[in-house]
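A short write-up of the structure that comes next.
We did not get these values from a lab; they are worked out from the coordinates using the rules stated. Everything quoted here is computed from the prediction, not taken from an experiment.
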Amino acid sequence: MKIVGILHKNIKEKLFKQYFSFINMSEKEIIFSSKVKYVGIFNFSEFYNFCYNWLVDEVELELGENKYEEKISGDSKNIKVEWEGKRKLTDYFRFVAKVNFKIINLKKAEITNN
């Protein structure tokens, strides 16, 4: 038996949003932006840990969590997470990644395997 979260199909909010940008002194240029939407059963804790470890270990970012907000409403949760990771490239350039999670109506579900 495994407890996982469910996102209902009527929710059209973003699940995962990333911004990668180079900063040249005070100028910022977004070089990549992406959104992922998912409706269904998943393990939020495993997803959260995978994303964090990948950015720290593979991308080699110094990652900080700027925000973790959890609101409970009945039997569901809304979660907002904001990360910012940085890596120095040269004395003049650095790589910055901003990652935002917005989870709407997360519920526990019991899954049984036959």
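Of note:
- Cross-link reach list, aspartates and glutamates versus Lys28, counting only Cα pairs under 15 Å and skipping chain neighbours closer than eight places: Glu84
- Hz values of 3J(HN,Hα) by residue in the stretch 87-100 - Karplus curve (6.51, -1.76, 1.60), Gly and Pro given as x: 8, 6, 9, 9, 5, 10, 10, 9, 9, 10, 10, 10, 10, 10
- For Arg94, residues with placed amide H under 5 Å, excluding near neighbours: Ile23, Leu89
- The 3J(HN,Hα) values that the Karplus relation (6.51, -1.76, 1.60; θ = phi - 60°) gives for the stretch 33-43 are, in residue order, 9, 8, 10, 10, 10, 9, 10, x, 8, 7, 9 Hz. Gly and Pro appear as x.
- Pairs from the table (Lys86/Lys108; Lys67/Lys88; Lys37/Lys108) lying more than 27 angstrom apart at Cα are Lys86/Lys108.
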